[in-house]
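The values are calculated or read from the model by the stated rules, or taken from the named source; none is laboratory data. These numbers were taken from a predicted model, which means no experiment stands behind them. Using ideal geometry, Cβ is built from the backbone for each residue, glycine included, and neighbour counts are taken over all protein chains shown. Ligands, DNA and RNA are stripped out before the accessible areas are found, and what is left, the full protein with its side chains, is counted by its heavy atoms. Shrake-Rupley method; radii C 1.70, N 1.55, O 1.52, S 1.80 Å.
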Amino acid sequence: MPIYTQQITDIGTHGPPPELTTVAWESPLGQVTILSDWPSGYLVQPGARGLDMPTFKAYEDESPGIHGNRRRDTKANAREIMIPIAIYADDGRPAFLERKRRLLRDLSPLDGDGRGTLTLTEADGSSRSITAIYASGAEGAEDADSAGRRWITYGLTWTCESPFWLGPEFTRTFRGVGDDTPFFPSGVPWVVSDSQVLGTGVKITNPGDVPAFPVWTISGPISAATFRHPTGGSWTLTRNLSAADVAVIDCRERIETAILNGTENLWPNIDEAAVLWPLLRGSNTVDLVVAGSTSATTVKVRLQPRYLSA
């Protein structure tokens, strides 16, 4: 998703063409600035960096007497993004100063936890976002090539702790059948409205480029639930849930919580060998085995796909 740009002197009276990518920054406090909104005095300039593949770190073993190394694992590093922008005003220096100061305030990593969101949206409405923390670039330079009385250019740089861009979240719902039977034949194409039946051989597709960790919402009644991935391991919740109970198992990295009805910690009810597995890219065939279920039982999976590039 390249950012197509124009120089500030080329926008003309009608502004940039509508097919250009929209670049938005949401501050740690939720204030949104469209950095590519020329009527509001912001314009993305050529030279953005860090929008595509992250860098990677390899973990390797070296053995004496054997030539070369053997790679054990690879991980994506944190990402740095730089986007050049211009701030300008046709309606006087006070208006320019107000726009500049407002953006600088909204970039501040001292607000909240410092984490904001960069979002790139294409003309067809598709978008990808990334969590980012402002790092540098808006210190300001008053030389003739960088600033004037009613304009200034910055190379804004953000640090992204997670290197992956995020697509829109989606949710799928799976239902129990009305006989409390915990196991169902694999591959049976039963459908209840827009939902699939709980059991073995359930297919879930991750449209992203890399594995993504789901959030599971289990609405009772149940007596136990075992969720298993053929290559990722399994986890089991052993707890009687009534029809009024809702358990949320959040498998996302650095979150990993299990909560009943929004308050009670369910970790004591999760098996000690639990693996909160991710959904691999593409089609996944998993087991969602729920004991004590009825036709009122539902399991929802919420997933936000992760991508290597914007």
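Listed values, structure above:
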| item | result |
| --- | --- |
| Label selected from (1) 18.3; (2) 14.8; (3) 22.7, the criterion being mean projected area of the Cα convex hull in nm² as computed here | (3) |
| Residues of the range 213-310: accessible area per residue with a 1.4 Å probe, Å² | 43 |
| Value at 222 nm in deg cm²/dmol, rounded to 500, when DSSP H runs of n ≥ 4 in the chain each add -39,500 (n - 2.57) | -1500 deg cm²/dmol |
| Environment charge at S63 (Cβ cut-off 14 Å; Lys +1, Arg +1, Asp -1, Glu -1) | 0 |
| Net charge over other residues, Cβ less than 13 angstrom from the Cβ of R302 (K, R count +1; D, E count -1) | +1 |
| Cut-off 10 Å between beta-carbons: net charge of the residues surrounding E161, Lys and Arg +1, Asp and Glu -1 | +3 |
| Amide H contacts of A48 (H built 1.01 Å from N, under 5 Å, at least 5 apart or other chain) | none |
| Long-range HN-HN contacts of D209 with modeled amide H, under 5 Å | R306, Y307, L308 |
| Cα-based equivalent ellipsoid of the range 21-63: semi-axis lengths in Å, sorted from largest, via gyration tensor | 37, 15, 6 |
| For the range 262-272, Karplus couplings with θ = phi - 60° (6.51, -1.76, 1.60), whole Hz, Gly/Pro x | x, 9, 7, 6, 9, 4, x, 9, 9, 4, 5 |
| Between 0 and 90°, nearest 10: helix 93-107 axis offset from the chain longest Cα axis | 30 |
| Amide H contacts under 5 Å for S146, placed H, 5+ residues apart | none |
| Cross-link partners of K300 among lysines (Cα-Cα below 22 Å; sequence separation of 8 or more within a chain) | K203 |
| Computed over the chain: relative contact order in percent, which uses C-alpha pairs under 8 Å that are six or more apart | 19 |
| Karplus-derived HN-Hα couplings along the range 52-60 (A = 6.51, B = -1.76, C = 1.60, θ = phi - 60°), whole Hz, x at Gly and Pro | 9, 4, x, 8, 10, 10, 9, 10, 10 |
| Candidate lysines - alpha carbon under 26 Å from K57, same-chain residues fewer than 8 apart omitted | K75 |
| Within the accessible area of the range 30-70 (1.4 Å probe), percent carbon and sulfur | 50 |
